[in-house]
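Enquirer: Below are the structure tokens for one structure; questions will follow.
The values are calculated or read from the model by the stated rules, or taken from the named source; none is laboratory data. What you see is a predicted model, and the numbers here were worked out from it, not measured in a lab. In this analysis, Cβ positions are derived from the backbone assuming ideal geometry, glycine residues included, and neighbour counts consider all displayed protein chains. Just so you know, the surface numbers come from the protein's heavy atoms only, side chains and all, with ligands and any DNA or RNA stripped out. Shrake-Rupley method; radii C 1.70, N 1.55, O 1.52, S 1.80 Å.
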Amino acid sequence: MTRELLDPLLAKAGQNAGGLGALLVQHGLVAEDVILRIYASKLKLGSIDPSQSPIEKSAIERVPLKIAEYYRLLPVKFENRKLTVAVSAPFDIRTQDAVQTVLGCEIIMVLAREQDILEGIKKWYGLGAGTIEKILQTTPTEESGGAAPAEAHEKVEELGKNVEDASVIKLVNQILMDANQKRATDIHIEPYRGKVKVRYRIDGVLYNTPMPAEIKQFILSIASRIKIMANLNIIEKRLPQDGRAIVKIAGDTIDLRVSSIPTPSGESIVIRLLPMARLFSLEKLGLNKDEMRLFMKLIEKPHGIILITGPTGSGKSTTLYACLSMINTDERKIITIEDPVEYEMEGVTQIQVLPSIGLDFAKGLRSILRHDPDVIMVGEIRDLETAETAARVALTGHLVFSTLHTNDAASGVTRLIDIGVEPYLVASSVEAFLAQRLVRTICEHCKEEDKGGHDEIKMKIVKELGLPSIDGVTLYRGKGCEKCNFTGFWGRVAIFEILFIDEHIRGLIMRRVPASEICRYAISKGMRTLRQSGWQKVIAGHTTPEEIIEVAPEEMANSEKESSPPPPELGSQASKSESQAAQTPAQKKIRWDEKRAFMRLNVQVNIQHRVLAVSEIEKKKLQSEQFGSTKNLSAGGLVFMSPEPLKVGSVLELAIELPGAKEVIRCYAKTIRVETAEENGNYDIAVCFLDLSGVDRAHLDQFVREETL
């Protein structure tokens, strides 16, 4: 170190409590660990790591908090009237004398990093303990944090400022800053009889945060302060409330989503921390090359619905944002409707659902169509109206992203049908289901090979992935370190199950087969299940087997993973014979069997149709109208004659005129079969309805039944 650099520091060293060593650390010239090793060697002092060394409770009780905070020392051990304390500045003689005088016992010093000492004080005395102690010494007027002026939620507050004032405002700021420092996504403030519990959710797991017992005296003031920040009604304590606030913590702008609910012991508050400058990318989701290829294949589709499924907290919204970020270009108009809008994205028009004024997903989705979107994201499909509207939007040439709450990808089919969506509408509009879960990733700083006896788990991995032997299977774990707060994990990664809807699966959906049958067929065609995706992450060293076993259910045995028998091909000889046999009698005849959901009647009803052509260049081009009549009719579909053949899978716009009806029934339909009519050389076109409303379907079904009497 040059004299030019050292001399100014030497001149200041006498005025600094930590001496020259502290100045060298402050200026970033020498690491604190190096300085402490020199002190330990020259002064013959021991050193400890407070986060890993045992701390005696009797020593903590011996030293008041204000002394520990003021002199920045951590009591470690008290024995035979000798108090061992951890310090980072051993040359501060004044500290030793003052502590010995106040405590009346001999002081033995050990060395520790200053940051470790401060963390130890926070852990053993409780977060914000010093603030609470000072508040208790103030007047009742100063005690309440409710005297602060109400803030509009658009205002950005710098939490690091004015922290010297002992108030509830400072206490709340300390909680928020501590949670952000520990990578918490949620803060839970829970009042109980005689105590208050504060917990952080880190990497999906809740951890208790040590707090002083006296915090229970300030739960009302804490709740009021948080509600003021979120622009909520501080008087109303009987009803749940939701709000938001924007704050700045250590230079990062954080969006706080605040929710309060009443409990017998007070208001329970949950604060979600959402970084506003977050960057979304598919690479950061933890996709391997095969999964990335499948994702790119999905998001490049010109139209259809892509549904992401999973329970609450499985990262569905993050995946949706990553997909939108990938296709967010100046050439595309992207509109979302969400509840709530979790992250703001530049270039994307985002709509917040407001049920209080009647703006729900279905109503917002209908309004979105008038804004000429290319891509639409619906936060969640919750009801029949939203599902049917989304399907109609997808059929008219739009790419739709949304979410469902199901356990796996195949269950998304049965979930939509349970909501009330007709199977043919699901089969025609949905392009893929993606099931996902989040698993914790092993901390890279303390990652090591797990040499414990896990042959049973290794055999299970080998069996489910179809590997030759367990020789290439290596398991890892996190030992636990300061970086990961001794959990062994840092961050989370997603595992996926991607189910593409092909023609065979569309046939299975039309037959209303169970989700397990669809899953078996998809596995036989190469679909990787959630569990298999998880095992791949385990082999790659990203996570542990316990994480996969917890979030992914047991898979079926390999012997059960057999494909379902394919349904009869549309237009096959079997379907032709069935059609011809049903049309043999001259008079009207009911076509009805156990497999049909609706009665079918051979009857002539006036219709008009036009073909809806969808291409990447022209997304909506309607061909000329054609007029004709039906050959048979049901509430699920119809057959009509056409001089020109139509392509199987083409979408038609229909207008059906029922005799005696006041209004024409209008809907979309999909061509499912094209046959040559033997009597005149024309073509019989069989279609199924796609977006027929419940009222119109009931009218059709009633008409068919009345005509058969």
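Enquirer: If the viscosity is 0.692 mPa s and the temperature 37 °C, what Stokes-Einstein diffusion coefficient in µm²/s follows for the stretch 442-555 when Rh is the Kirkwood radius over Cα pairs?
Expert: This corresponds to a translational diffusion coefficient of 207 µm²/s.
Enquirer: With a Cα-only, solvent-free Debye model of the stretch 274-340, what are the log10 I(q)/I(0) values at q = 0.13, 0.18, 0.21, 0.27 Å⁻¹?
Expert: Ignoring solvent entirely, the Cα scatterers give -0.40, -0.80, -1.11, -1.63.
Enquirer: Need one number: convex hull volume per residue for the stretch 314-428, Cα atoms only, in Å³.
Expert: Working: hull volume 12.6 nm³, N = 115.
Each residue corresponds to 110 Å³ of Cα convex hull volume.
Enquirer: What does the accessible area of I67 come to, in Å² to the nearest 10, when a probe of 1.4 Å is used?
Expert: 20
Enquirer: Average the reciprocal distances over every distinct pair of alpha-carbons in the stretch 235-354, invert the result, and give the Kirkwood radius in Å. Don't skip to the answer; put the middle values down first.
Expert: Values: mean 1/r = 0.0591 Å⁻¹.
Computed over Cα pairs of the stretch 235-354, the Kirkwood hydrodynamic radius comes out at 16.9 Å.
Enquirer: Here is a further query. Cα-based Rg of the stretch 324-389 per 2.2 N^0.38 Å, rounded to two decimals? Display every interim value, and only then the final one.
Expert: Numbers: Rg = 11.7 Å, N = 66, 2.2 N^0.38 = 10.8 Å.
Normalised Rg, Cα atoms only: 1.08.
Enquirer: Step through the residues of the stretch 282-295 one at a time and calculate ³J(HN,Hα) from phi using the Karplus curve (6.51 cos²θ - 1.76 cosθ + 1.60, θ = phi - 60°), rounding each to whole Hz and writing x for Gly and Pro.
Expert: 5, 4, 6, 6, x, 6, 7, 4, 5, 5, 4, 4, 5, 4
Enquirer: Using 5 Å bins from zero, what percent of all Cα-Cα pairs in the stretch 4-64 falls into each bin?
Expert: 4, 15, 17, 19, 17, 14, 9, 4, 2, 0
Enquirer: Reported to two decimal places, what Rg/Rh ratio describes the stretch 367-482 when computed on Cα atoms with Rh from the Kirkwood expression? Mind showing how you got there, number by number?
Expert: Details: Rg = 21.7 Å, Rh = 18.1 Å.
A ratio of 1.20.
Enquirer: If you don't mind, another one. Work from the charge dipole of the stretch 177-236 (Cβ charges, +1 for Lys and Arg, -1 for Asp and Glu, about the Cα centre) and give the residue of G194, V205, I226 farthest towards its positive end.
Expert: Checked the options; the winner is G194.
Enquirer: What are the residues whose amide H is under 5 Å from the amide H of S629, where those residues sit 5 or more places off or on another chain and H is modelled from the backbone?
Expert: So S629 has HN proximity to I607, M641.
Enquirer: Something else: For the stretch 170-312, just the Cα atoms, rotate onto the principal axes and tell me the three extents in Å, largest first.
Expert: 57, 29, 27
Enquirer: Quote the accessible area belonging to H699 in square angstrom, nearest 10, computed with a 1.4 Å probe and with ligands, DNA and RNA left uncounted.
Expert: Taking all protein chains as shown, H699 has close to 90 Å².
Enquirer: Calculate, for the stretch 337-464, the solvent-accessible area per residue in square angstrom, rolling a 1.4 angstrom probe over the heavy atoms of the protein chains. Mind dumping the intermediate values first?
Expert: Details: 5260 Å² over 128 residues.
I get 41 Å² per residue for this part.
Enquirer: DSSP loop (so not H, G, I, E, B), at most 12 other Cβ within 10 Å: list which trypsin sites (Lys or Arg not before Pro) in the stretch 205-301 pass both filters. If you can, show how the numbers build up before the last one.
Expert: Working: sites: K216, R225, K227, K237, R238, R244, K248, R257, R272, R278, K284, K289, R293, K297; in loops: K237, R238, R278.
Within the stretch 205-301, the qualifying trypsin sites (Lys or Arg not before Pro) (loop, at most 12 other Cβ atoms within 10 Å) are R238.
Enquirer: I would also like to ask the following. Of K82/K182; K170/K237; K57/K483; K77/K122; K66/K227, which sit over 28 Å apart, Cα to Cα? Numbers along the way, then the final one.
Expert: Working: K82/K182 35 Å; K170/K237 23 Å; K57/K483 25 Å; K77/K122 17 Å; K66/K227 30 Å.
Over 28 Å apart, Cα to Cα: K82/K182; K66/K227.
Enquirer: Provide V664, V198 ordered by accessible surface of protein heavy atoms (probe 1.4 Å), highest first. Walk me through the numbers before you get to the answer.
Expert: On the way: V664 60, V198 5 Å².
The residues order as V664, V198, largest area first.
Enquirer: Take the Cα atoms of the stretch 356-406, build their convex hull, and give its volume per residue in Å³. Don't skip to the answer; put the middle values down first.
Expert: On the way: hull volume 4.1 nm³, N = 51.
Enclosed volume per residue, from the Cα hull, is 80 Å³.
Enquirer: Now for a different question. Please report the accessible area of M292 (heavy atoms, 1.4 Å probe, ligands and nucleic acids excluded) in Å², nearest 10.
Expert: My reading of the accessible area for M292 is about 40 Å².
Enquirer: Of all trypsin sites (Lys or Arg not before Pro) in the stretch 418-490, which ones are in loop regions per DSSP and have a Cβ with at most 14 other Cβ atoms within 10 Å?
Expert: Hits after loop and neighbour filter: K451, K479, K483.
Enquirer: With 18 Å as the cut-off, how large is the P(r) tail for the stretch 62-121, expressed as percent of Cα-Cα pairs? Could you put the intermediate results ahead of the total?
Expert: On the way: 386 of 1770 pairs.
Considering the stretch 62-121, 22 percent of its Cα-Cα pairs are separated by more than 18 Å.
Enquirer: Of all GluC sites (Glu not before Pro) in the stretch 234-320, which ones are in loop regions per DSSP and have a Cβ with at most 13 other Cβ atoms within 10 Å? Write out the running numbers ahead of the final one.
Expert: Working: sites: E236, E267, E283, E291, E300; in loops: E236, E300.
Within the stretch 234-320, the qualifying GluC sites (Glu not before Pro) (loop, at most 13 other Cβ atoms within 10 Å) are E236, E300.
Enquirer: Here is a follow-up. Using 31 Å as the Cα-Cα cut-off, could you pick out the over-long pairs in K301/K458; K316/K447; K301/K537; K301/K631? Walk me through the intermediate numbers first.
Expert: Numbers: K301/K458 38 Å; K316/K447 28 Å; K301/K537 28 Å; K301/K631 36 Å.
From K301/K458; K316/K447; K301/K537; K301/K631, over 31 Å: K301/K458; K301/K631.
Enquirer: Also, quick follow-up: If I compute solvent accessible area with a 1.4 Å probe over the protein chains, what percent of it on the stretch 453-500 is carbon and sulfur? Before the final figure, lay out the partial values.
Expert: Working: 1260 of 2580 Å².
Its accessible area is 49 percent carbon and sulfur atoms.
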